[in-house]
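Everything below concerns the one structure shown next.
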Amino acid sequence: MPVEEKKNLHRVDDYPYEEITSPLLAWYRENKRDLPWRKDGDPYRVWVSEIMLQQTRVEGAKEYYKRFLEKFPTVYDLAAADEESLLKVWEGLGYYSRVRNMQKAARQVRDEHAGVFPDAPEKLRALAGIGDYTAGAIASIAYGRRAPAVDGNVFRVLSRLTENPTDISLPAYKKYLEEKLRAVYPEEGKACSDFTQALMELGALVCKPTSPDCETCPLRALCRAKERGRQEDYPVLPKKKDKREEKLFVFVLVTKDGVALRRREKGVLKGMYEFPTAPQDRPKEEILRGWGVDDYRIVKVEKAVHIFTHIRWEMDCVLVRAESTPFEQFTIPQIREKISLPTAFVKAKEMLEKEYGV
Ligand code: SF4
């Protein structure tokens with residue numbers, strides 16, 4: 001039976017938080033994965049990896065991380081990057097506002113901190129796109145400060161250990177856990193860095209969302225949820241909101257001069273390139289006519305779905321061969337090498353690939 005959702009903070013002050021530190025550190029040192037961003041604790045690299053890991057799994061992030069650092073090896077390179085190469089290197093990761101914020105933060109670090117990330121969480125939080133979690137991660141992992149970083153993994157581990165029924169979306173719960181953790185952090189330095197990573201690593205490898213591997217867990221003797229067989233009742237998650245549905249046509253308009261793309265002017269993916277889209281409130285032929293595309297042939301139509309955080313796009317991707325279009329046109333090599341097309345358009349891009357070898 002799921003536990004009842006608690007809208008108010010439930011404090012579990014009788015739990016012996018201080019007892020988790022040493023077994024967790026010992027376990028981490030034996031079991032940690034060899035990940036590229038764990039090599040040197042450089043704050044720039046820690047930051048890049050943490051932002052990427054907010055939206056993609058470790059395995060997927062490795063390749064992006066490598067490419068990103070090849071392209072922008074220092075905070076100065078990132079600060080000076082042009083927008084298209086920035087978006088191109090992020091292509092496929094989604095949430096493009098994150099990489100735009102990264103560039104803003106890189107400029108702040110260059111201009112206000114002489115190119116060196118600050119080590120205090122409050123100064124890190126003043127940088128674009130850096131909240132409590134990322135500030136804690138950089139301060140502790142890169143600088144060995146006693147600064148907790150509570151992410152989904154950490155919420156899960158601590159909610160299970162203490163059987164805390166508070167909904168994890170309650171901001172006061174995060175503050176409460178930060179306070180409890182800060183009190184049990186080891187000495188400043190390498191141990192602090194390891195402790196932050198150990199909590200995350202335990203959540204990723206052992207205390208998994210479903211079927212946690214309790215028998216190998218270094219904290220099993222301290223786990224109240226395990227003791228009562230209620231591991232999967234925790235953490236308590238907020239109720240999912242229904243997604244808004246939008247039905248769209250996505251036009252892959254090809255002429256002898258290239259392929260039509262335009263920048264999205266509003267809404268989701270604002271500022272990104274797209275194949276021209278339109279709501280399915282009129283027939284596609286009428287939309288094409290409205291754009292002044294008269295002499296054309298519809299080659300094929302394929303369906304696709306893309307799910308954003310709050311919206312679900314149901315798309316009819318329409319491959320059209322036309323004499324002319326009113327949009328900016330790009331050659332196929334330009335699309336391949338320079339233009340970043342959001343993942344929502346992966347099906348449309350595939351249609352183009354199949355037909356014309358993008
Ligand atoms: S004993 Fe099981 S539920 Fe408890 S912290 Fe370890 S893996 Fe998670």
Next on the checklist: Students often get this wrong, so check it: of Lys247/Lys347; Lys32/Lys62; Lys62/Lys347; Lys32/Lys208; Lys39/Lys123; Lys270/Lys303, which have C-alpha atoms separated by over 19 Å?
Outcome noted: Lys62/Lys347; Lys39/Lys123; Lys270/Lys303
Next on the checklist: From the protein chains alone at 1.4 Å, what is the descending order of accessible area for Trp291, Trp90, largest first?
Outcome noted: Trp291, Trp90
Item to check | Cα-based reach from Lys349 at 15 Å (exclusive), listing aspartates and glutamates while leaving out same-chain residues under 8 positions away | outcome: Glu91, Glu274, Glu302, Asp316, Glu337
Item to check | Lys39 - accessible surface, heavy atoms, 1.4 Å probe, Å² rounded to 10 | outcome: 140
Checklist entry - What is the Cα radius of gyration of the range 17-233 over 2.2 N^0.38 Å, N being its residue count? => result 1.04
Checklist entry - Of Lys66/Lys88; Lys71/Lys354; Lys66/Lys240, which ones are farther than 24 Å apart at the Cα? => result Lys71/Lys354; Lys66/Lys240
Checklist outcome for this item: Here the relative contact order (percent) of the range 244-356, from C-alpha pairs under 8 Å and at least 6 apart, is 37
Next on the checklist: How far apart, in nanometres, would the label points at Arg29 and Lys66 be if each is projected 7 angstrom from Cα along the Cα-to-Cβ direction?
Outcome noted: 3.1
Checklist entry - Hey, how much of the P(r) for the range 51-170 falls beyond 23 Å, as a percent of Cα pairs? => result 37
Checklist outcome for this item: If R0 = 41 Å, then Glu265 and Ala114, at their Cβ-Cβ distance, give a FRET efficiency to the nearest 0.05 of 0.60
Checklist outcome for this item: Note on the chain: helices (DSSP H) long enough, at least 18 Å by alpha carbon along their axis, and hydrophobic enough, mean Kyte-Doolittle at least 0.0, are 190-205
Next on the checklist: If each residue of separation counts as 0.36 nm, what is the full-extension length gain between Glu59 and Ile298 once their alpha-carbon separation is subtracted?
Outcome noted: 82.1 nm
Next on the checklist: Restricting to bridges with both residues inside the chain, how much of the DSSP beta-bridge set is antiparallel, in percent to the nearest 5?
Outcome noted: 60
Next on the checklist: For Glu215, Glu163, give me the order by solvent-accessible area with a 1.4 Å probe, most accessible first, ignoring ligands, DNA and RNA.
Outcome noted: Glu215, Glu163
Next on the checklist: Not counting ligands, DNA or RNA, and with a 1.4 Å probe, what is His10's accessible surface area in Å² rounded to the nearest 10?
Outcome noted: 70
Checklist entry - So who's got an amide H within less than 5 Å of the one on Ile311, skipping anything under 5 residues away but keeping other chains? H placed 1.01 Å off N, in plane. => result Arg244
Checklist outcome for this item: The size of the Cβ-based charge dipole (Lys, Arg +1; Asp, Glu -1) of the chain about the Cα centre, to the nearest 20 debye, is 320
Item to check | Ranking by accessible area, most exposed first, for Ser49, Ser169, Ser85 with a 1.4 Å probe | outcome: Ser169, Ser85, Ser49
Next on the checklist: What three numbers, in Å, describe the spread of the alpha carbons of the range 170-312 along their principal axes, ordered from the longest?
Outcome noted: 73, 36, 29
Checklist entry - Taking Lys239 as the anchor, which aspartates and glutamates have their alpha carbon closer than 13 Å to its alpha carbon, excluding any fewer than eight residues away along the same chain? => result Glu4, Glu5, Asp167
Checklist outcome for this item: Filtered hits (lysines, Cα-Cα < 21 Å from Lys180, offset >= 8 within chain) -> Lys6, Lys7, Lys190, Lys226
Checklist entry - Can you list the residues, at least 5 places off or on another chain, whose amide H is less than 5 Å from the amide H of Thr255, using H built in the peptide plane? => result Ala260, Ala322
Item to check | Stokes-Einstein translational diffusion, the range 244-356 - Kirkwood Rh over all Cα pairs, 1.002 mPa s, 20 °C, in µm²/s | outcome: 151
Next on the checklist: Once ligands and nucleic acids are excluded and a 1.4 Å probe is used, how much of Thr325 is accessible, expressed in Å² to the nearest 10?
Outcome noted: 20
Checklist entry - Each label point is 7 Å from the Cα along the Cα-to-Cβ direction; what then is the distance between the points at Lys243 and Arg125, in nm? => result 3.2
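The values are calculated or read from the model by the stated rules, or taken from the named source; none is laboratory data. Since the structure is predicted, the reported quantities are computational estimates derived from the model, not experimental observations. Please note: Cβ atoms are built from the backbone with ideal geometry, for glycine as well, and neighbour counts cover all protein chains shown. For the accessible areas, the whole protein counts, side chains as well, though only heavy atoms, and no ligand, DNA or RNA atoms are used. Shrake-Rupley method; radii C 1.70, N 1.55, O 1.52, S 1.80 Å.
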